[in-house]
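J.: Encoded as structure tokens, here's the structure I'll be asking about.
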2 protein chains.
Amino acid sequence: MVSSVEIEVLRALAHPVRLGIVRKLAAEPEICACDFTDEFEVSQPTISAHLKVLREAGLVTTRRRGTTICYSLNREPLAALAADLGALSVGEGALT
Amino acid sequence: MVSSVEIEVLRALAHPVRLGIVRKLAAEPEICACDFTDEFEVSQPTISAHLKVLREAGLVTTRRRGTTICYSLNREPLAALAADLGALSVGEGALT
DNA sequence: CCACTATATAGGAAATCTACTATATAGCGG
DNA sequence: CCGCTATATAGTAGATTTCCTATATAGTGG
């Protein structure tokens, strides 16, 4: 069965800015939203929208710290997706 | 560095019909295009368009056998993506 | 409370995606 | 060559994505 959650995670990752955000978050425990605005060449509201997509896909969680909001990566959905794709890549497909 | 090839693979996978096609192909060495048309509830040209997306992402290859065209899965890009996402899920991020 | 910083939301334009119908192309069998 | 099946392409409508500017909301410090 093709999980709609899995599709949502794939869609969330399938954008250069969002995958870039995930990559940065993978390397550090927590990053403030404003750091992403500096890193990528898009406006602050655009970054905010991308972060929302990642949040709704369950890939990140937030924590307010004073004025700023810190994002951290949820590694479980990434690991689950990696495991599933890995299984497909070695031939274990179509498990209903 | 965020590879644009990787983004293309993610985008190709991020659709229920295309992921379904990949799942079916993962379970069998080769499947005729017409079998997909039976399997999914979309028209033949729509299936053909989805197969084109998968082809252009390097996820499948084709072989003509008489009138029909057989699709098979390229497992390398899937394995590469799985490995990359797996690395992210255990903290190895941002390798420039 | 006011000004300031950080972040999110609203509204809208342009680009892209997804699906359809109609049609073209490729190979097979008579 | 003709008709048939299998697949791809063209053209197009509608939905979704992506980005922007403008504005709202939330928290901090004077």
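The values are calculated or read from the model by the stated rules, or taken from the named source; none is laboratory data. Bear in mind the structure is a predicted one, so any value in this text is a computation, not a measurement. Please note: Cβ atoms are built from the backbone with ideal geometry, for glycine as well, and neighbour counts cover all protein chains shown. The accessibility values were calculated without ligands, DNA or RNA, using every heavy atom of the protein model including side chains. Shrake-Rupley method; radii C 1.70, N 1.55, O 1.52, S 1.80 Å.
J.: Could you calculate the contour length gain from A:Thr46 to A:Glu28, that is, 0.36 nm times the residue separation minus the distance between their Cα atoms, to one decimal place in nm?
T.: Taking A:Thr46 through A:Glu28 to full extension adds about 4.3 nm, to one decimal.
J.: Place a +1 charge on the Cβ of each Lys and Arg in the range B:4-89 and a -1 charge on the Cβ of each Asp and Glu, then give the dipole magnitude about the Cα centre in debye, rounded to the nearest 20.
T.: That gives the range B:4-89 a dipole magnitude of about 200 debye.
J.: Viscosity 1.567 mPa s, temperature 4 °C: give me the Stokes-Einstein translational D for the range A:1-48 in µm²/s, with Rh taken as the Kirkwood radius over C-alpha pairs.
T.: 109 µm²/s
J.: Compute from the Cα atoms of chain A the Rg and the Dmax, the latter being the longest Cα-Cα distance, and quote both in angstrom.
T.: 14.7, 49
J.: For the interface of B with A, what's the total buried accessible surface in square angstrom, probe 1.4 angstrom, rounded to the nearest hundred?
T.: Interface area, both chains combined: 2600 Å², rounded to the nearest 100.
J.: Rounding to the nearest 20 debye, state how big the charge dipole of the range B:1-49 is about its Cα centre with +1 on each Lys and Arg Cβ and -1 on each Asp and Glu Cβ.
T.: With only Lys, Arg, Asp and Glu charged at Cβ, the dipole is about 200 debye.
J.: While we're on this one: Cα centroid distance between the range B:16-78 and the range A:23-59, in Å?
T.: Result: 34 Å between the Cα centres.
J.: May I pose another question? Report, in deg cm²/dmol and to the nearest 500, the calculated mean residue ellipticity at 222 nm for the protein assembly as shown, where each DSSP H run with n ≥ 4 adds -39500 (n - 2.57) and the sum is divided by the residue count.
T.: Theoretical 222 nm ellipticity from helices: -18000 deg cm²/dmol.
J.: In nm to one decimal, list the spacings between the B:Cys70 label point and its equivalents in the other copies, with label points set 7 Å along Cα to Cβ, shortest first.
T.: Copy-to-copy label distances at B:Cys70, shortest first: 5.6 nm.
J.: Between A:Glu76 and A:Arg64, what length in nm is gained on full extension when 0.36 nm per residue of separation is reduced by their alpha carbon distance?
T.: 2.1 nm
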